[in-house]
Every structure is written in structure tokens, then in C-alpha cells.
Amino acid sequence: MSAVPASSDSAAPTREQLLARIAELEAELRRHTASGAPDRATDRLTTVKVPPEFEAPFLSAQALVTRYFADRVEHPDTATISIAGERYVLLRAASLSVEFVELVMKLYQDKGADEARAVANNLLFDLAHAIGRADARAFGEKMSLGDPIANLSAGPIHFAFSGWAFVDILPESKPTPNEDYFLLYDHPFSFESHSWLAKHKRSETPVCIMSAGYSSGWCEQSFGLPLVSVEVECLAAGGRHCRFIMAPPSRIESHLERHARAGGGHVANASGGQGVVPEFFQRKRLEDELRQANEQLEARVHTRARELERATEQLRLLGSAVENATEGFVILEVHEDEDPLRVVFVNHGFSRITGYRSDEVVGRSLAQLRLATGEEATFTALVDSVRRGEPFQAEAIALRPDASVYALELHAMPVPNEAGRAPHWIAILRDVSDRKAHLDALRHQALHDALTGLPNRVLLHDRIEQCITGMRRYGRGFSLLFLDLDGFKEINDTFGHLAGDALLAEVATRLRGRLSETDTIARLGGDEFAVVLEHASDPSTAGRSATMLLAALEEPFEIEGHTLVVGASIGMVRCPEHGTDPTTLMRRADVAMYAAKGSRAGAMVYDPQQDAHSPARIRLVNELRAAIGGEAFELHYQPQIDLRSGKVARAEALLRWNHPERGLLLPDEFLPLVSSSDLIDRIARWVLHAAIRDCSAWIASGVDAGVSVNLAAHTLRDATLPEFIARELDGQGLPASRLTVEITESSLLEQAVLATDIFERLREIGVGLAIDDFGTGYSSLMHLRHLPFTELKIDRSFTAEMLVNERDAAIVRSTIDLGHELGRSVVAEGVESREVMEQLRRYHCDLVQGYHVSPPLAWSLLREWLQDPPVFPAGS
């Protein structure tokens, strides 16, 4: 089978030559149709011409189409042919190709030739495209074809068998099942061009509209890919070929432009323009784009619907979680007035915690929650945080409508909108009564004697300091009594420890009953007690109280069926006559007590002559020397809170000595005895080792907090101290920044030169350095400027009265400002109330410690406290 040459360089054939060639092709088509089968001997394609790489699928398709058309039954009476059960209507080709176009153009002549021709072409293309799709679908079903390539390959062969045209597929073609699909092909014979030429008709535009529609319909059905075919050159329009380009609607124009640039001709049209895609192809492209847009829209709608379903489910789950949470959840709306927050939602947890129903609080202020007396500042602080736009947290004692009391933990945080403003806030409420009770129990345990329930040495020390502060402020003296039972050891040895403990508890109860509410009685350990007489400033008052206490012990005690009698020896000191610090007062009261015991005088006032060579002191020093390195020492820790975050920053290590007879001794009771000896350096190294070990342990448990350790002046003489600390840190794997070393201001003045050297070496390691008790030692600002310290610690004597004494407040403010000007952090000691803490926050203090945060805690109690600490407000 020959084809019209594709070269554009040959001379244009004459009309007579074209008609002769068409007659040859018609004869070949009739011969092929009559034979009903391909030439098996030659095993070649007889109806199409394709590049060599396409021959295999087209040979298979030729066999399928031959079989398909072999089952043909003609029905002349009905002008139909049945092929494979399909009924084909016989129509005159010339009528479809020429007369139909002329008829439509005549009907639409008032619209103009271009519009009329466009209508005719659109009708023919749509009809042929639909027939091509239907034939491809029927052929695939009848022949059971599942392979798109096989079905597509059968199209051109079916085209020839049905008498439409012969097909030559050119090598540039790439029939891929995607947007890259491209087919360039010729019709050596086309019934449409033949009809026009046979009727001596010429056209200004391509006439093979049905061929283009049918072939693109068949291929579209085969690949499931929208396709259009454009005749780029037509014999009936004066061209050298009937040549077509088939491609997806989105790519057809780019292929046409590239074909034209390559010299392959252009698309002719009724107006004579170049490169214009016929209207039905443009409509096909628009339909495809619309289909794709619809599919994309449906996909987006489906995706969005799924997202909305998931979001709705998440909101349902979130709503259920919030509604059924044990915490109270509150949504608050911000208003521009004095009380800026209004409740818009509360959950069941809120009602369960506070006792208020939703309808009782929605639309109202959160401040309608009743707080206990003294807790009103909580809502004031909350309002301040809202106006600053900062998160808020606090604890307060609150009351339910039925007057029951609970501990309330409140967290509030802004909910910014897209503009960055926060029209709403979320508050989370918790009932922390159980936790607070547990912490209170820990606090009581840390400050009270387990056997008698009386204050212990730690609390006694604090009460003495409070009385000293009052004495300095108001000139009001007080007395301190140390009481040691006489004959208790014999009772304890004779009747056993249980009887001894019972006797101590009874003694404590009886002594407590003889004192006023303002007096403090503490158990120091063993059979020693101490009494602070807050209003006993003269010797006679203290003497009467001592006589009363001795008289109280004269009455026998009934213990486990035994009648027991004990006496006592009492030593008395007065402040300020006998001392103005707890250590001195307690030591001298102890000396007076031993003097009373030695002379069997019952009670004695301290006399300096008794203190020159105190046997008790010598014995205590010897016992202390023996205790170093053993298990008698232990560390208690007092937490420090970062006021910006409200979280624990570190804990200060405080040494305790478990004396076998006198119980738990505070450092002021034994360290002064060895402050000028090498013993103090040995003790310092033990404390550093234990503190670094414990800090490493709590960091490993997830508590992000450091530790601070106090050093005495004498320790600054130890030139190897920095190397020792570096080894300990490395051995425990603790970063140096987690350790802070504290030196009192007075020690700094004693050892200024040595301190500078030690401080610089410690800072090179990375250890923090703090000046303790700042403000009590009259340190030179010149020293401060040159010392590489990182913190100042304000002494508790200034913070204790800062709320009622403007001079103390001024000192505190100035110290904080001075520290910050020097680029140092500032720690305030002795914070005993929330009001003091809030005032220090307003002064921009960095860290605080004191009994409001926590008393000193033993290691076991500290671990519990650190795992669930109280909530402290955060803020600048």
C-alpha cells in the first residue's frame, strides 16, 4: 500500500492525478474487504502503515479486526450491515461530507459563512467522536480486550475496514496514556476528501472533520484520556496531504505551533488565519478543563469534607475531654473595664471544684469565686497579668458556697487571634487540697519534733531570729531558756526507750501548758528543750518562768504503770545583754544550763566566767572531729524560686549534725567551735561532695535545678579548693553551672585577697559565686567591682520588715538595683509571706527563698517536694 508522500518539497499533484490515486486506493480497499483476511504468508500490515516499533501490536490488532469483520451479514432491504452483532447503517459518504455541510451552511447563511461552517463542523465532529468512542467500546467488549494499547491499535485498522480511510502513522508519534500523548498521522485515502474532490468541490478549510472526530473518539475511549485530533493539512483544501495531529486538549495548541515552526504547514480556517484551532477542538479543550476542574473541585470538596469530619470528631473528643476533665476549664472574654474578664464557659470540673453551677458564673467575673481572708491579692495579680498579656499562675485558699474550704491552683493564659490580640483567656483550676495537705505535712515534719510535736531546732532558730529582728526594730528584749532533764538517762536505761519516749512526750505537754501562746518551746534532741520567752526582757520575768517550769516537773508522771519523777536544769540568757544572734544566744544558754546542772542550782543566768573553759564545748569539739567522714552528718536543702518562671532554680545545702545525745544540731551550734581550724575545711569538702552528688541525682530524675553551698572564711585559705571542686563535678557528671558557692560578706572582708584568687579560679571552671548576707558586712564597693561574683544575697534582716519599714524597703530596692547594674542576679532570703514575695517581684528581684517557699528539708523530703512543688506565680 502506497501513501501520498509526506515531503512538502514535491510539486502539488493535479486534480486528475489525485482522482486516479484515489481510484487505486478504493480498488485496494475493495479487494482487502472482499478477501476478509490479511495475507498470512507475508505476515505484514495491509491496511495501515506504522513505524517498525509499533508493528507488533498493530499486527495483533489486524488479526482481531479481520476476525471481527469476518462475521458480517448484509441486509440490502434495510440498508444495513450486521458486524459481530452490531448493526451498521449504510449512508452515502458524499452526503455526510459535502451535502450535509452545504445544507447546514445554507440554513445558517444569515449568520455568515464562518459561523455556518463552524456549526456544520461542530455537528460532524461531535457525531463522529461519539461513534468512535462507541465503536471502540463495542470492539473491546466483543473481543475481550483489557489492554489499552491493543484496543487503540485496532482503531486505524478498523478505520480502514469500515471504509473511512487508510492510515499512515508517522515516526514522531508517541501514543502514551498520559498528557504527553502525541500522534502524527496521514490518511492516504479519506472518504471526506474523496467526496469533495469527486464533486469538483474545493474548501478553504480542512474537510476531514468526521475522520478527526472518529479517530480521536476511538483513542480517547481506549486510553481513558481526553483527546482531540486536528487536520493540519487537507487535500480538499489544496494541501499535499490529509495530515492530522492528535493530543490532549491542553497540549494540542503547543503541538500545532511546533509543527508549523518545523515547516509542516498550518491549520487552515475559514477566515484564512494561521494556527487557529477549530471551535469544536477549543470546546473539547474547555470541556476537558472543566472536567478536570470539576474533578479537582470534587477532590478538594472530598478532602475538605474529610478534614471537616476529622476536625468535627477532634472537636467532639476535645469537648468531651474538656467537659469530663477533673480540672476546671474556664473560657474568659476580655472587656475594657476595671474587671477585664468575663466567664463565657465552664466545664463540669469547674462546678465540681468550686461548687458553682455554670449558670451562676457565665457572664460574670471570675472574681466572684470566694477566696479566704488574706487571699484577695490573687485576683488583683491576675488582672495585672491580663493587662500585661502575660500568663498567670497562683495558689490560694478558696471557699465554696457551702463555706467548705479548699486549696485552689489557678493557671490562666491568653488565646491570641490572627491579629496578635488576645480577646479570650483560658483558665485551668485544680483542687490541690490533698497536695497542699501533703506539703504542709512535709513542712510540719521538717520543722517539728516527731515525738513531741514541738518545734525543732530549725524552727527554734527561726523564732529566735524573728525575736532578734523585733528587738532591733522596737527595742523589745526577750529571754532564751535551755532546759535539760535530770535523771532521765537512768529512767530510760531502766524502763526502756518506749517508756523514755512516753515520758518525754508527757514532759513536753506539761511544759507547753505552763507557757503563754506567744512563747515558744522546742525540743532540741534527747532530753533537751529550749524556751523562747518573747516578752521576758528583764531577769525577774525569766526567773519566774524558769521557777514555774521547774515546779511543773515536780509532780510525778504515770508512765506504763510506773510513777516516775524527773527534775531539770535551766540555763537562761537575755537578748541583747548576752548576745544578738541565734548562735551566740543558744551557745551561752547551753553554757548556763551546764553550769546549773553542775552546781545543782536548778536555774542559772549566763555568766561569762562560766564560759572560759567549758567542758561541754571541749567535748563537743572532740565529738565533731570524730563525726567527720561518718554518717552523723546530713544535708538539708532549702529551695530557691526563680520569680520570672515561678519554678525551682536551685536548693541551698544546709549542714546538720545528728548528735547521738543532743539530736539534730544546726551549723550555728557547732561550726563556730571549729571556724578557725582545719576541721572546717574537712567539713566543707564533705558538704561539697554530698551536695554535688545529691544535685546530680535529682537532675537525673528530671528535676532541672542546681545547688548552692556555703563556705567559711577559713576555707578560702585552701589553695586546692578549685581543683577539688572540679574533680567532684567531673566525677558526678554535674555541669559546673549547676553549682553556686556562697561566701558571707563578713568572710569576704576577712579574706579579700584570697577570696579574689579563689573566686577567679572557680569562675574559670564555671561555678557560680554568691555574696551571702549582703548588707550586713559593710563591704567596699571597690571590692564588689573587682570580685567575679555572680549573685548578691540580701540578708533576711532587711526582707523581714520591708513591708512596714520604708528604710528596709529602700535598702532592698537599692541592693537589687545595684546587683543588676553590676550585671549580677539578686537572691532575697527570709521570704516568709506571699506579700513579701510579690513586693520583691515588683522590685524585679531574681530569686527568693524562705519559709513561704519551703523550710529546709531533709533529702528524702526534698525529693517528694521537688516531684510536686507548690505553684508560684510567674512574671517579671
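The values are calculated or read from the model by the stated rules, or taken from the named source; none is laboratory data. The structure presented is a predicted model; accordingly, all values stated were derived computationally and were not measured. Cβ: placed from backbone, ideal geometry, glycine included. Neighbour counts: every protein chain shown. Side chains are part of the model used for accessible areas, which takes the heavy atoms of the whole protein and leaves out ligands, DNA and RNA. Shrake-Rupley method; radii C 1.70, N 1.55, O 1.52, S 1.80 Å.
Checking each residue in segment 678-693 for being at pLDDT 95 or above and in contact with a Lys or Arg (Cβ under 9 Å, 6 or more places away or on another chain) picks out only I692. Residues in segment 188-231 that are of a type in the set (A, V, I, L, M, F, W, C) and within 13 Å of P248 (Cα to Cα): C219, F223, L225, L227, V228, V230. The residues of segment 351-368 that are open to solvent by 50 Å² or more (accessible area, probe 1.4 Å), in a loop (DSSP other than H, G, I, E, B) and farther than 26 Å from E390 by Cβ amount to a single one, R357.
Scanning segment 667-678 for residues that are more than 13 Å from M586 (Cβ to Cβ), open to solvent by 50 Å² or more (accessible area, probe 1.4 Å) and either not in a loop (DSSP other than H, G, I, E, B) or not small (G, A, S) (or both) yields a single hit, D678.
Name every residue in segment 316-350 that is of a type in the set (A, V, I, L, M, F, W, C) and surrounded by fewer than 12 Cβ atoms within 10 Å (Cβ to Cβ), in order of residue number. Before you say what the answer is, go through the steps one by one.
So the first thing to find is which residues in segment 316-350 are of a type in the set (A, V, I, L, M, F, W, C), and the list is 317-318, 321-322, 325, 329-332, 334, 341, 343-346, 350.
Within segment 316-350, L317, L318, A321 qualify.
Collect the residues in segment 236-264 that are open to solvent by less than 30 Å² (accessible area, probe 1.4 Å) and not in a helix (DSSP H, G or I), keeping them in residue-number order. Once the filter is applied, which keeps residues that are open to solvent by less than 30 Å² (accessible area, probe 1.4 Å) and not in a helix (DSSP H, G or I), segment 236-264 yields G239, H241, C242, R243, F244, I245, M246, A247, P248, P249, G264.
When you check R435 against the structure, is it open to solvent by less than 60 Å² (accessible area, probe 1.4 Å), within 30 Å of F329 (Cβ to Cβ) and modelled with pLDDT under 90, yes or no?
yes
On the given criteria, is V827 under 35 Å from the mean Cα position of the chain (by Cα), of a type in the set (A, V, I, L, M, F, W, C), at pLDDT 90 or above and over 26 Å from R738 (Cβ atoms)?
Taking the combined requirement at face value, the residue does not satisfy it.
Against the conditions (1) touching a Cys at 6+ places or on another chain (Cβ under 8 Å); (2) in a helix (DSSP H, G or I), V707 satisfies every one except (2).
For the criterion of being among the small types (G, A, S), at pLDDT below 85, in a strand (DSSP E or B) and surrounded by 13 or more Cβ atoms within 10 Å (Cβ to Cβ), S82 passes. Taking the conditions (1) modelled with pLDDT of 90 or more; (2) of a type in the set (S, T, Y); (3) surrounded by 15 or more Cβ atoms within 10 Å (Cβ to Cβ) in turn, S814 satisfies each one other than (3). Across segment 193-235, the number of residues qualifying as assigned to a helix (DSSP H, G or I), buried (at least 24 other Cβ atoms within 10 Å of the Cβ) and among the aliphatic types (A, V, I, L, M) comes to 4. When segment 844-864 is filtered for residues that are surrounded by fewer than 18 Cβ atoms within 10 Å (Cβ to Cβ), in contact (Cβ under 8 Å) with a residue 24 or more places away in the chain and of a type outside the set (A, V, I, L, M), the ones remaining, listed by number, are H844, W859, R863, E864.
Set side by side, the residues L861, L866, L857, L840 differ, and just one is over 23 Å from R693 (Cβ atoms) and of a type in the set (A, V, I, L, M, F, W, C), which is L840. How about segment 534-586: which of its residues are of a type in the set (D, E, K, R), at pLDDT 90 or above and within 26 Å of L504 (Cα to Cα)? The answer is E534, R544, E554, E555, E558.
Out of all the residues in segment 621-666, which are among the small types (G, A, S), open to solvent by less than 20 Å² (accessible area, probe 1.4 Å) and not in a strand (DSSP E or B)?
Listed by number, the residues that qualify are A627, G646.
When only residues in segment 148-183 that are in a loop (DSSP other than H, G, I, E, B) and either within 15 Å of F58 (Cβ to Cβ) or among the aromatic types (F, W, Y) (or both) count, which is most open to solvent (accessible area, probe 1.4 Å)? Of everything passing the filter in segment 148-183, P171 is most open to solvent (accessible area, probe 1.4 Å). Restricted to segment 452-495, and to residues there that are of a type in the set (K, R) and open to solvent by 20 Å² or more (accessible area, probe 1.4 Å), the residue that is nearest to L665 (Cα to Cα) is R463. Here L515, L498 are screened, and the one residue that is more than 21 Å from K597 (Cβ to Cβ), in a helix (DSSP H, G or I) and open to solvent by 10 Å² or more (accessible area, probe 1.4 Å) is L498. Residues of segment 572-599 that are open to solvent by 20 Å² or more (accessible area, probe 1.4 Å) and outside any helix (DSSP H, G or I): R574, P576, E577, H578, T580, D581. Suppose we filter segment 581-611 for residues that are among the hydrophobic types (A, V, I, L, M, F, W, C), touching a residue at least 60 places away in the same chain (Cβ under 8 Å) and out of contact with any helix residue (DSSP H, G or I) (no Cβ under 7 Å at 6 or more places or on another chain); how many remain? Here the count works out to 2. Filtering segment 316-346 to residues that are of a type in the set (S, T, Y) and touching a strand residue (DSSP E or B) at 6+ places or on another chain (Cβ under 9 Å) leaves only T326.
Of all residues in segment 85-106, which are within 19 Å of H194 (Cβ to Cβ), out of contact with any Leu (no Cβ under 9 Å at 6 or more places or on another chain) and modelled with pLDDT of 70 or more? Once the filter is applied, which keeps residues that are within 19 Å of H194 (Cβ to Cβ), out of contact with any Leu (no Cβ under 9 Å at 6 or more places or on another chain) and modelled with pLDDT of 70 or more, segment 85-106 yields V98, E99, E102. Filtering segment 419-447 to residues that are free of Cβ contacts under 8 Å to residues at least 40 places away in the same chain and under 17 Å from R388 (Cα atoms) leaves A419, G420, R421. A Cβ distance below 6 Å, combined with a sequence gap of six or more or placement on separate chains, defines the contacts here; from segment 99-115, residues that are in contact (Cβ under 8 Å) with a residue 24 or more places away in the chain and assigned to a helix (DSSP H, G or I) reach residues that are aliphatic (A, V, I, L, M) and surrounded by 13 or more Cβ atoms within 10 Å (Cβ to Cβ) in the pairs V101/A120; D114/A270.
What residue, among those in segment 779-810 that are closer than 30 Å to D757 by Cα and at pLDDT 90 or above, is surrounded by the fewest Cβ atoms within 10 Å (Cβ to Cβ)? Filtering first and then ranking leaves T790.
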